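Take a look at the structure set out below.
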Amino acid sequence: MTSIDVKNLTKEYGGRRPARAVDGLTFRVEPGRVTGFLGPNGAGKSTTMRLVLGLDRPTSGTATIGGRPYVTLDDPLRTVGALLDAQAAHPARTGRDHLRFLAASNGLPDRRVDEVLEETGLTSAARRRIRRYSLGMRQRLGIAAALLGDPGVLMLDEPANGLDPEGIVWIRGLLRRLAAEGRTVLVSSHLMNETATFADHLVVLGRGRLLADVPMREFIDAHSHARVRVRTGDPVRLRATLLAKGWTVGDAADGDGRWVVEGASAEEIGAVTAREGIPVFELADERASLEQAYLALTAEAAEFTATRTASSTPSPQEV
Amino acid sequence: MSAAVTVPAVLRSEWIKIRSIRSSFGSLLAVLVAALGIALAVFPSIGQPEAETGDMDPLFWIYYPMNFVQIAAISFGATAASSEYLNGALRNSLAAVPNRTLLYGAKAAVVGAGALVVGVVAGFVMFFTANAFLGKYAVGIGEPGALRSCFGAGLYLALITLFSMGLTFLLRSAVAVLSTLIPFILIVSFVIGGVSEGVATWLPDRAGQQILFQEPLGTLGAWTGIGVTALWTAAALLAGWWAVRRRDA
């Protein structure tokens, strides 16, 4: 199957004092999984996607789909489906006409237009003008356009934007299914908890640079530390035992007699309490959320940038 | 796999784009409506009295509605181009047709062909409508320059449409183009229009309209005149093509 390859990609905007939107980026998006594309607003996610599609010209570096630049593809819509900006449609057209001209340009039959309208739940609104679409409907139309050519690669910029709760559940299932079918799926988002529900792999950007390119599980483990939640029938003995072993114990945020043991795993605590014969009612590893891991990473990155800037004194021309 | 983005496929896609936007397709139809409407409004009343003064070329007087018809053509060219810049719609077009020269060329071909077909029909409509009310000042279709002027009107309208389309791609705004071209054609060209010598002769509208005269004035003949307009159009189309190819979408 087809992968997306980004190599040493750099994009500068502006003339005399150029700003780097994307800075020496290298990563590969593999088929068969959903890759979450994360980073704060302005980190370069959308710019990277535009560069992959050949809409913007890179200052240097390359972006290819299955080894070929997008602009050289024979069959672009059957190769890559992209949703960049759901607002980027002419408001005076009907949703169906919007899809029809896209389909016609790539020799796709009108039957495909009706199929993707059905798939995205837009059949009843197909002949309405886009100006009268809600934000969620425009988002669905953008997704319909991406699915038009039944492509092996999908690249969606914030697809959940504006969708209602039902729509969010739908898009989650759709992304999972597309990846399970062996397609390459790249989905950008700034919503961490939402991304956690569908991504297998993460590519994280900060200020145009690559901060991480790892499986999601690994990312969370690497940027969070172990902690365990425990509830006991014998607080006095448990506290004494844990402190003796060198662990710190604190009350869990939701109280109710639960404690949080930092730096420990459930296996360790379980073994200790069993050995000591301390009754335990509840014992669980507390997994950090993707959001916490992400914030930990960006805090590290910010610190790294601050240290680097402080230690080197750039000449005025470089600024 | 053979390429799916073929020239006929992109032409069809561009035609769907024009058909599906009311302001574009409406402007194209307005070329016909204006040709018939203005002719019917003008010639029954002042057609003969004006012809009687003998100040005007008898054939050129028939194309009086062209002053308004060309505004519809300019709008058609401008909206066909500007629809790609509304809300960044061009990104969708380029994702489907990444070859920018193909996309631009197909649009120019469809817009130009549409304007030419409608323009020729409008040319004959203006000719026959005016003649129906001109009595003894009527010009027969067999008379010198008559047939040339009917087809020439279509050619002129197609060129003016593409001129406007090219400029709109360059400036990325129909408002900018319409607010420059329309006052230019209505006022500037009108005011200095009496001067048939000098710079005015070479303006895109003045030069091309020589094809509507029985006896072209000044230095340019009917066909050289339309050739000058074609050069203006080619320059505008090239500038638009350069902008589409070079700029980030």
Two decimals is fine: what's Rg over Rh for the protein assembly as shown, C-alpha atoms, Kirkwood radius as Rh?
1.18
Starting from the exponent 0.38 and prefactor 2.2 Å, build the expected Rg for segment A:163-251 from its residue count and divide its actual Cα Rg by it.
1.63
Say we join alpha carbon atoms closer than 10 Å with springs in a Gaussian network model of chain A; which of A:111, A:275, A:100 then has the biggest fluctuation?
A:275
Beta bridges per DSSP with both ends in the protein assembly as shown, % antiparallel, nearest 5:
65
Grab every C-alpha pair in segment B:1-56, bin the distances at 10 angstrom width from 0 up to the longest one, and report whole percents.
19, 24, 20, 16, 13, 5, 2
Cα Rg, Dmax (largest Cα-Cα span) when computed across chain A, Å
24.3, 75
By DSSP, what percent of the beta bridges with both residues in segment A:4-214 are antiparallel, rounded to the nearest 5?
50
Cα-only radius of gyration and Dmax that characterise segment A:225-285, units Å
10.1, 28
Computed magnitude of the charge dipole of segment B:1-155 (debye, nearest 20; Cβ of K, R +1, Cβ of D, E -1):
820
Stretch gain in nm, segment residue A:119-residue A:236, where the contour uses 0.36 nm per residue and the Cα spacing is subtracted
36.2 nm
Over chain A, what is the relative contact order in whole percent, taking alpha-carbon pairs under 8 Å and six or more residues apart?
19
Across 5 Å bins beginning at 0, the whole-percent shares of Cα-Cα pair distances in segment B:41-83 come to 5, 20, 22, 16, 11, 10, 8, 6, 2, 0
Which whole-angstrom value gives the distance between the alpha carbon centres of segment B:215-235 and segment A:151-216?
58
If each of residue B:33 and residue A:268 carries a label point 7 Å out from its Cα toward its Cβ, how far apart are those two points in nm?
7.9
Normalised convex hull volume, segment B:114-249, alpha-carbon set, Å³ per residue:
119
Honestly segment B:58-165 on the Cα gyration tensor test (a ≥ b ≥ c root eigenvalues; a/c under 1.5 rounded, otherwise a/b vs b/c for prolate or oblate) is just prolate
Amide H neighbours of residue A:205 at under 5 Å, excluding residues fewer than 5 places away on the same chain, with H built from the backbone geometry, are A:38, A:39, A:211
Which value does Rg/Rh take for segment B:7-246 over its C-alpha atoms, Rh per Kirkwood?
1.00
Would you compute the Debye intensity of segment A:33-83 from its alpha-carbon atoms alone, equal scatterers and no solvent, and pass along log10 I(q)/I(0) at q = 0.22, 0.24, 0.29 Å⁻¹ to two decimals?
-0.92, -1.05, -1.26
Using only the alpha-carbon atoms, how far is helix B:146-171 inclined from the longest principal axis of chain B? Give it as 0 to 90 degrees, nearest 10.
40
Defining a contact as two alpha carbons under 8 Å apart and six or more residues distant in sequence, what relative contact order in percent does chain B show?
24
Using the structure shown, select from A:45/B:107; A:11/A:45; A:11/B:17 the pairs with a Cα to Cα distance greater than 21 angstrom.
A:45/B:107; A:11/B:17
Just need the relative contact order of segment A:107-232 here, percent rounded to a whole number, with Cα pairs under 8 Å and 6+ apart.
17
Taking Cα atoms, the helix A:290-311 axis meets the longest principal axis of chain A at an angle in degrees (rounded to 10) of 90
Fully extended contour minus Cα-Cα distance, from residue B:187 to residue B:219, at 0.36 nm per residue:
9.3 nm
When chain A is treated as a Gaussian network with springs between alpha carbons less than 10 Å apart, the largest mean-square fluctuation among A:89, A:264, A:196 is found at A:264
Please find, in a Gaussian network model of chain B (springs between Cα atoms separated by less than 10 Å), the residue of B:148, B:22, B:206 whose mean-square fluctuation is greatest.
B:22
Show which aspartates and glutamates lie in cross-link reach of residue A:7 when reach means a straight Cα distance below 12 angstrom and same-chain residues fewer than eight apart are skipped.
A:23
Pairing the Cα long axis of helix A:266-276 with the longest principal axis of chain A, what angle in degrees results, from 0 to 90 and rounded to the nearest 10?
20
Using the Cα centre as the reference, give the magnitude of the dipole from point charges on the C-beta atoms of the protein assembly as shown (Lys, Arg: +1; Asp, Glu: -1; all else neutral), rounded to the nearest 20 debye.
360
So how long is each side of segment A:90-207 along the principal axes, counting just the alpha-carbon atoms, biggest first, in Å?
37, 29, 28
Where only alpha carbons of segment B:91-150 are counted, the Rg and the Dmax (Å)
19.1, 59
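Read the figures in this text as sums done on the coordinates, not as results from a lab. Computed from a prediction, not measured in an experiment: that's the story for all the values here. Using ideal geometry, Cβ is built from the backbone for each residue, glycine included, and neighbour counts are taken over all protein chains shown.
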